[in-house]
Amino acid sequence: MSTAPLPAASGETSEPHHVAIIMDGNGRWAKARGLPRVAGHRRGADAVRRVVRGAGELGIPVLTLFAFSTENWTRPADEVSDLMGLLRHYLRSELDELHKNGARLRVIGNRDGLASDIVRDIADAEKMTRNNNRIDVNICVNYGSRDEIVRAARNLAQRAVAGELTADGIDEGSFERELLTAGVPDPDLLIRTSGEQRISNFLLWQCAYAELVFVDTLWPDFGKEHLEQAVAEFRRRERRYGGVGS
Ligand code: IPE
Ligand code: IPE
Ligand code: MG
């Protein structure tokens, strides 16, 4: 078996290179205040701004945020439309600040399901920020890990049918290169807010050895200090990758 290299099981846990976050709890934040769900999503967008800035200040090189899943289309149409409106607004209003702060933006997900103006804004934002190197900010929109894995398998099958590769030539490396995250290192730390303890179809392949940290804070209340606390928890973990550790 050919395997993608995993770090040695030294038992030492260094700083997380890649932090991924399932931003959850906007609806409950709003409900607790007697507000419509969209109010929670708006405050959630403020939290995105804070956390992106905080991650940069903490020297985290890669930050990936789960903003909208392939399953979130099942929500009421007005909520979906509010979320798409906020995404539109975010892409336009945050781009200058992201760029100024040296962030390279990448939007990860199936773009076929998105409105054409959003697809265009994403392409423009990615183009504008592509040479930045202070922090990589990946935002997952219309992202679902099972969908991603099925598409990767389909692409490889099509290439095999076309005679470009053999079945035996498929290994973890070639599979990874077909994923939407191609070129992005695996997350070291996965945080989920709002007290839920599940993955909800996020980065299933990529989080094979991520350290999971679940926090009760609702996403609109999450800030740099919560990120720091999660990183501190990460440092206390011993990563063994199936080995025996120290
Ligand atoms: C996260 O908050 C935002 C998205 C999933 C788009 P939710 O909207 O899931 O908030 P809760 O889980 O209902 O509180
Ligand atoms: C996961 O949250 C998706 C995002 C944060 C974008 P959900 O709120 O959709 O997940 P479930 O339904 O609680 O599993
Ligand atoms: Mg939720």
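Three principal axis extents, largest first, for the C-alpha atoms of the range 175-246, in Å?
So the extents along the principal axes, rounded to whole Å, are 37, 34, 20.
Work out the charge dipole of the range 27-70 with +1 on the Cβ of Lys and Arg and -1 on the Cβ of Asp and Glu about the Cα centre, then indicate which of HIS41, THR70, VAL51 is farthest towards its positive end.
Checking the options against the dipole of the range 27-70, the answer is HIS41.
So if the hydrodynamic radius of the chain is defined as the Kirkwood radius over C-alpha pairs, what does Stokes-Einstein give as its diffusion coefficient at 4 °C and 1.567 mPa s, in µm² per second?
It diffuses with D of about 68 µm²/s by this estimate.
Considering only protein heavy atoms and a 1.4 Å probe, what is the carbon-and-sulfur percentage of the accessible area of the chain?
49
At q = 0.11 Å⁻¹, what is the base-10 log of I(q)/I(0) for the range 126-223 according to the Debye formula with one equal point scatterer per Cα and no solvent? Please give it to two decimals.
Each listed q corresponds, in turn, to -0.46.
For a quick check: with amide H placed at 1.01 Å from N, whose amide H comes under 5 Å from THR70's, ignoring anything fewer than 5 positions away on the same chain?
Result for THR70 returns TYR143, GLY144.
Could you list which residues have their amide H under 5 Å from that of ARG104, counting only those 5 or more apart in sequence or on another chain, with H placed in the peptide plane?
So ARG104 has HN proximity to ARG134, ILE135, ASP136, VAL137.
Quick query: amide H of LEU165 versus all other amide H atoms, modeled in the peptide plane; which residues come in under 5 Å with a sequence gap of 5 or more or a different chain?
Amide H neighbours of LEU165: ALA160.
Short version: ³J(HN,Hα) in whole Hz for each residue of the range 157-168, in order, from phi by Karplus 6.51 cos²θ - 1.76 cosθ + 1.60 (θ = phi - 60°), x for Gly and Pro, what are they?
4, 5, 5, 5, 4, 6, x, 7, 8, 9, 4, 5
Rounded to a whole number, what is D in µm²/s for the range 33-109 from Stokes-Einstein with the Kirkwood radius over alpha-carbon pairs (25 °C, 0.890 mPa s)?
D = 178 µm²/s.
Sorted by packing (mean other beta-carbon atoms within 10 Å per residue), highest first, where do 129-136, 84-91, 164-171, 142-149 land?
Most protected by this proxy first, the peptides run 142-149, 84-91, 129-136, 164-171.
For the range 55-72, what does the Karplus curve 6.51 cos²θ - 1.76 cosθ + 1.60, with θ = phi - 60°, yield as ³J(HN,Hα) per residue in whole Hz, taken in order and with x for Gly and Pro?
So the Karplus estimates, Gly and Pro as x, are 4, x, 5, 7, x, 7, x, 9, 10, 10, 10, 8, 9, 7, 9, 4, 8, 5 Hz.
Please compute the per residue accessible area over the chain with all protein chains in place, 1.4 Å probe, rounded to a whole number of Å².
About 51 Å² of surface per residue is accessible.
Between the range 182-246 and the range 91-159, how far is it from one alpha carbon centroid to the other, in angstrom?
21
Can you compute 3J(HN,Hα) from phi for each residue in the range 194-209, using the Karplus curve 6.51 cos²θ - 1.76 cosθ + 1.60 with θ = phi - 60°, rounded to whole Hz and x for Gly and Pro?
Ordered by residue, 3J(HN,Hα) equals 5, x, 6, 10, 8, 9, 6, 6, 10, 6, 4, 5, 5, 8, 3, 10 Hz.
Any idea what the relative contact order of the chain is, in percent, if you count C-alpha pairs under 8 Å spaced at least 6 apart?
The normalised contact order for the chain reaches 34 percent.
The values are calculated or read from the model by the stated rules, or taken from the named source; none is laboratory data. Quick caveat, the model's predicted, so the values are computed rather than measured. Counting neighbours? That spans all protein chains shown, and the Cβs are built from the backbone with ideal geometry, glycine included. Just the protein is used for accessible areas: all its heavy atoms, side chains included, with ligands, DNA and RNA removed. Shrake-Rupley method; radii C 1.70, N 1.55, O 1.52, S 1.80 Å.
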